[in-house]
Amino acid sequence: MARVETKVQAASLSAAAAGAVLWALQTYVFKGNDVPAGLVSLIDVVVPAVLAAVAGYLAPHTPRPAAPAAQPALAQSVTLTQPPLTDAEVAELKQELAERLAQPGDAPPPA
């Protein structure tokens, strides 16, 4: 299971703690005062968001694990080259070609 980053933990805990802050505001600040319901609803939305944003901003960054070593890239195309023929091999191939051309059975039929 992956570890939860520090910034996410801090933001989540502060959002949960916002419930206690809102309770304190309603109990001690808004008690007995004529605060419009719309303003109370807005405060109920803004306070957790602000606390989570500040906690996430102030929390230290969780370093990521080191990336695995890069694999060498495979060649996109491979060119195979044949080593040059020696003079003896060239002479042998010429002789073989001359013998094949001299055989009468290999000639194509007349058109």
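Brief remarks follow.
- A search for C-beta distances below 7 Å between a residue of the range 10-27 that is within 19 Å of residue 54 (Cα to Cα) and touching a residue at least 12 places away in the same chain (Cβ under 8 Å) and any residue that is of a type in the set (Asp, Glu) and assigned to a helix (DSSP H, G or I), counting only pairs 6+ apart in sequence or on different chains, returns 22/44.
- Exactly one residue out of 70, 88, 55 is at pLDDT below 85 and not β-branched (Val, Ile, Thr): that is 70.
The values are calculated or read from the model by the stated rules, or taken from the named source; none is laboratory data. Keep in mind that this is a model prediction, so the values were computed, not measured. Quick reminder, even Gly has a Cβ in these numbers, built from the backbone with ideal geometry, and neighbours come from all protein chains shown.
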